[in-house]
2 protein chains.
Amino acid sequence: MEIKDLGKFGLIERLTKNIVPQNASTQQGIGDDAAVLNYSNKEVLVTSKMFMEGVQFDLTYIDMEHLAYKVAMATMSNIFAMNGQPRQLIVSLGLGKRFKVEDIESFYAGLNKACAKWNVDIIGGDTKSSYTGFAINLTCIGEASKEDIIYRSGANETDLICVTGDLGSAYMGLQILEREKSVYYQQVEEYNNKVREAQRNNDQARLKALQKERTAIDDFQPDFAGKEYLIDRQLKPEARGDVLQQLRQAGIHPTSMIDVSDGLASELKHICQQSHCGCRIYEKNIPIDYQTAVTCEEFNMNLTTAALNGGEDYELLFTVPIGDHEKIDKLENIKQIGYITKESLGNYIITRDGNEFELQAQGWSVKEN
Amino acid sequence: MEIKDLGKFGLIERLTKNIVPQNASTQQGIGDDAAVLNYSNKEVLVTSKMFMEGVQFDLTYIDMEHLAYKVAMATMSNIFAMNGQPRQLIVSLGLGKRFKVEDIESFYAGLNKACAKWNVDIIGGDTKSSYTGFAINLTCIGEASKEDIIYRSGANETDLICVTGDLGSAYMGLQILEREKSVYYQQVEEYNNKVREAQRNNDQARLKALQKERTAIDDFQPDFAGKEYLIDRQLKPEARGDVLQQLRQAGIHPTSMIDVSDGLASELKHICQQSHCGCRIYEKNIPIDYQTAVTCEEFNMNLTTAALNGGEDYELLFTVPIGDHEKIDKLENIKQIGYITKESLGNYIITRDGNEFELQAQGWSVKEN
């Protein structure tokens, strides 16, 4: 169905009619000039993230439902990174004419799944036409008690640096997706060359045979064998709200926290800059999945670079007082990768062979250019 | 200066280094994963608006500073339309490679002007590259006491329908801008034809003469004589927070309210639908500026259609109990244009010659296709 057949208000009605706010803080959701929230007992956390087609995502290898799930998780991740609980989401979409109502419904299906997972209410948004690519902006609102909020600026000398899950896997997933995309386009190009040649020779039998080959190309199946975990990390990331619960139960209150969206090096530098301190991390301690390591080798890429600068992991990076060392040790899926130093000592990584290198952040350039 | 010379973080630092939060509700502004706000004594209002280049704005006739001022006002207008006070703004930009650092600085200059006018803090945002057009998303957060909030749904039978300022002027301003744009492009095309002809004839003297003509075209000045008000309404709209103060001082509490962004007809239908009522408005009472009327005649357009469906006026449309009739009468710049009826009586406009026509909303199609 075409969007213009429904019109703006018809489309919004169709997408949002089943949305029923679940949170007490949501006083009025979709349907007025602004949503109305009540946060009389908590601090309000607010964050916005924008995602542009062709830069942050590529619809040739992510479908609308996964895309929505991913961008919702990426945005909620910012609230978790403050040690907060996400509660509301506002969804703005700039839609090209090529999109059908069904595409937007798939997108909302993905949003609804992500919101259901963390009990978040969709409370409003804006839908506009776009002459060009698909543009998405999500605003996530969350809550935390004042004393629970964890800023980037709270790290102290001797604090331990910890990270959840593993790093670099989402980035290697992207490499595989891009490789398969280029394999596909290469097949299409070779096929087109064959067709042009047959046309030049006016070879009808050859043209007929080529039609069958075309079907084979249309049925192209990317080769993800053994790489499922990496693909999943790239296409279906999970925000680490679970870790916050784990930390709370273990009686650990991190001194600083950030989520890893641009890459470990970049995020660590944010913490150090805002906490006015330095850091040492150990290459050997950076958590890396086996598939990530194997795939880096296949692609002839440096594993540590992928882990340091890959981005899109949406893991949590945080610091804890050194006294929490044993408590952290007992928790699964959290690795201690180094420690906080005086600011004057700079930000360094110590390699497996004992060399020290200054941490370089490539947040912007790796992902966005 | 190129954006890549500064990098993402350098750009953000440059744009935001002078921003100092002014509101007590802003606990932590720019610089962490999320902003932290405190609204312990008020309800929180949140709204997001997206603006896509080529659809909601055209950089051939609006500069970055005016554009920013306009989109900020449009977004704050949504908070005023709830009878709230805007307090914070979150700015997401998708930037094409053609933009320089200076362009974004101009944009922020416009944002800062709009924010200074209503004492609003810029508390965060997101900056991404765009392969295509310029995409803007603003999220505005505001506050109101629970009892002060005015929804679209509160209109009652016999209530008076009121509107601030005048309608249709922003739309007629757009018509003039588009006319001047096409005059300019026509001159360029004619010029190019002359050059091509001279080249065919290898007429060097003519080519030299044409170079002078080119300078004249480059110095093209659009003809806005006598239309300044309309151009201003289109390029520099003002959100009507002033009217809320006026109403409060006069002891008037509207029963329903909305801002006129899509056009009077569309907004009035929203109020009627959500309040489960109907309406009668009088064509003769719709406030229209003299320049709007003259320009409609020039363009051979129907004046009432422009006022009903033009959009982008950012005036406030609201209803008050009929007992407030005299109080409203005393206020400048507020016109009573009709009254609320039973739902079964539908939504009608009564023309100057006494005919009744059902109100047709064209919000989406007029502005966005």
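Here are the numbers:
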| quantity | calculated |
| --- | --- |
| Which listed residue is among the aromatic types (Phe, Trp, Tyr) and loosely packed, with under 13 Cβ neighbours inside 10 Å, from A:Tyr191, A:Tyr171, A:Tyr185 | A:Tyr185 |
| Of all residues making up segment A:116-133, the number that are open to solvent by less than 10 Å² (accessible area, probe 1.4 Å) and closer than 29 Å to A:Ala307 by Cα | 0 |
| Selection count, segment A:143-158, where residues are open to solvent by less than 10 Å² (accessible area, probe 1.4 Å) and not in a strand (DSSP E or B) | 2 |
| Selection from segment B:208-237 of residues that are modelled with pLDDT of 90 or more and assigned to a helix (DSSP H, G or I) | B:Glu228, B:Tyr229, B:Leu230, B:Ile231, B:Asp232, B:Arg233, B:Gln234, B:Leu235 |
| For B:Ile149: the one exception among (1) within 7 Å of chain A (Cβ to nearest Cβ); (2) over 30 Å from B:Tyr282 (Cα atoms); (3) modelled with pLDDT of 95 or more | (2) |
| Counted residues, segment A:263-303 - those being within 25 Å of A:Glu157 (Cβ to Cβ) and not aromatic (Phe, Trp, Tyr) | 24 |
| Some residue of segment A:70-92 being touching a Cys at 6+ places or on another chain (Cβ under 8 Å), open to solvent by less than 20 Å² (accessible area, probe 1.4 Å) and of a type in the set (D, E, K, R) | no |
| Failed item in (1) touching a residue at least 40 places away in the same chain (Cβ under 8 Å); (2) among the polar types (S, T, N, Q); (3) not in a helix (DSSP H, G or I), with A:Asn202 passing the rest | (1) |
| Given (1) within 26 Å of the chain's Cα centre (by Cα); (2) more than 28 Å from A:Glu283 (Cα to Cα); (3) open to solvent by 20 Å² or more (accessible area, probe 1.4 Å), number of the condition A:Ala209 does not satisfy | (1) |
| Entirely in segment B:286-369, the helices (runs of 4 or more DSSP H) that have 3 or more residues that are without any contact (Cβ under 8 Å) to a residue 12 or more places away in the chain and open to solvent by 20 Å² or more (accessible area, probe 1.4 Å) | B:290-298 |
| Any hit, segment B:93-115, residues being of a type in the set (Phe, Trp, Tyr), modelled with pLDDT under 95 and closer than 30 Å to A:Phe51 by Cα | yes |
| Matching residues, segment B:32-61, being buried (at least 19 other Cβ atoms within 10 Å of the Cβ) and charged (D, E, K, R) | B:Asp32, B:Asp33, B:Lys42, B:Glu43, B:Lys49, B:Glu53 |
| Residues being within 11 Å of chain A (Cβ to nearest Cβ) and in a loop (DSSP other than H, G, I, E, B) - total across segment B:13-26 | 1 |
| Count of segment B:236-262 residues which are within 11 Å of chain A (Cβ to nearest Cβ) and either without any contact (Cβ under 8 Å) to a residue 24 or more places away in the chain or of a type in the set (Ser, Thr, Tyr) (or both) | 2 |
| Residue within segment B:256-274 that is modelled with pLDDT of 95 or more, over 25 Å from B:Asp353 (Cα atoms), assigned to a loop (DSSP other than H, G, I, E, B) and open to solvent by 10 Å² or more (accessible area, probe 1.4 Å) present | no |
| Residue match in segment A:176-190 (condition: assigned to a loop (DSSP other than H, G, I, E, B), free of Cβ contacts under 8 Å to residues at least 60 places away in the same chain, farther than 22 Å from B:Gly125 by Cβ and among the aromatic types (Phe, Trp, Tyr)) | no |
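Conditions tested, residue by residue: (1) closer than 23 Å to B:Ala239 by Cβ; (2) among the β-branched types (Val, Ile, Thr).
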{"position": "B:Ala24", "(1), (2)": "yes, no"}
{"position": "B:Ala34", "(1), (2)": "no, no"}
{"position": "B:Met50", "(1), (2)": "yes, no"}
{"position": "B:Val55", "(1), (2)": "yes, yes"}
{"position": "B:Asp58", "(1), (2)": "yes, no"}
{"position": "B:Ser92", "(1), (2)": "yes, no"}
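The values are calculated or read from the model by the stated rules, or taken from the named source; none is laboratory data. All values reported here derive from a predicted model rather than from experimental measurement. Cβ coordinates were reconstructed from backbone atoms using ideal geometry, including for glycine residues, and neighbour counts include every protein chain displayed. In case anyone asks, the SASA skips ligands and DNA or RNA and just uses the protein heavy atoms, side chains included. Shrake-Rupley method; radii C 1.70, N 1.55, O 1.52, S 1.80 Å.
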